[in-house]
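First comes the structure, then the notes that go with it.
The values are calculated or read from the model by the stated rules, or taken from the named source; none is laboratory data. Note that this is a predicted model, so its numbers are computed, not measured. Positions of Cβ are backbone-derived with ideal geometry, glycine not excepted, and every protein chain shown enters the neighbour counts. For the accessible areas, the whole protein counts, side chains as well, though only heavy atoms, and no ligand, DNA or RNA atoms are used. Shrake-Rupley method; radii C 1.70, N 1.55, O 1.52, S 1.80 Å.
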Amino acid sequence: MKLSGDFFRLVSVDGQRYVIELNADHYIYGVHFPGHPVTPGVCLVQMVQELLSYTMECRLYTRSIRNVKFVSIVSPLTDARIAVVVTKLEQENGQVKVQARIEGADDSSRQFAKMSLVLEKEAF
């Protein structure tokens, strides 16, 4: 499921730092959890994948999740804008190894998640 453009929108890119805005009216927030929306962890991983696909101009999919640590809850009501920061990126043999963190867009000391993923370029 593609999330970009509906669940979230890209506000700005500065090097390896992506500022995004969450759509609090999205269907996912209506069911997770009604009245107290929380961004599902799988959506945070998907956002990283989609942002890198955009930057690298190729389709990527998640091959494996090496490590994910969810530090605090991301709610579109209190954290409508967040930043995805890519801290390490390596490419080899069609795979992209990435380490990223999700933090407050205006306050980088607010940490939400840290992850290490292996993405794979889609073969045509």
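One table, with the values for the structure above:
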read-out	value
Which listed residue, of GLY5, GLY35, is modelled with pLDDT of 95 or more, open to solvent by 60 Å² or more (accessible area, probe 1.4 Å) and farther than 14 Å from VAL86 by Cα	GLY5
Hits in region 60-81 - residues which are in contact with a strand residue (DSSP E or B) (Cβ under 8 Å, 6 or more places away or on another chain) and either assigned to a loop (DSSP other than H, G, I, E, B) or at positive phi (or both)	VAL71, SER72, ILE73, VAL74, PRO76, ASP79, ALA80
Pairs, first modelled with pLDDT of 95 or more in region 86-104, second acidic (Asp, Glu), C-beta under 6 Å, six or more apart	GLN95/GLU120; LYS97/GLU90
Residue in region 83-106 that is under 23 Å from GLY5 (Cα atoms), open to solvent by 100 Å² or more (accessible area, probe 1.4 Å) and touching a strand residue (DSSP E or B) at 6+ places or on another chain (Cβ under 6 Å) present	no
Subset of region 3-15 that is more than 12 Å from the chain's Cα centre (by Cα) and in a loop (DSSP other than H, G, I, E, B) - its residue that is farthest from SER75 (Cα to Cα)	GLY15
Cβ-Cβ under 7 Å pairs, at least 6 apart or on other chains, region 62-81 side open to solvent by 80 Å² or more (accessible area, probe 1.4 Å), far side in a strand (DSSP E or B) and among the acidic types (Asp, Glu)	ARG63/GLU120; ARG81/GLU21
Hits in region 16-42 - residues which are within 19 Å of LYS69 (Cβ to Cβ), assigned to a loop (DSSP other than H, G, I, E, B) and free of Cβ contacts under 8 Å to residues at least 24 places away in the same chain	PRO40
Members of region 43-59 that are outside any helix (DSSP H, G or I) and open to solvent by less than 20 Å² (accessible area, probe 1.4 Å)	none
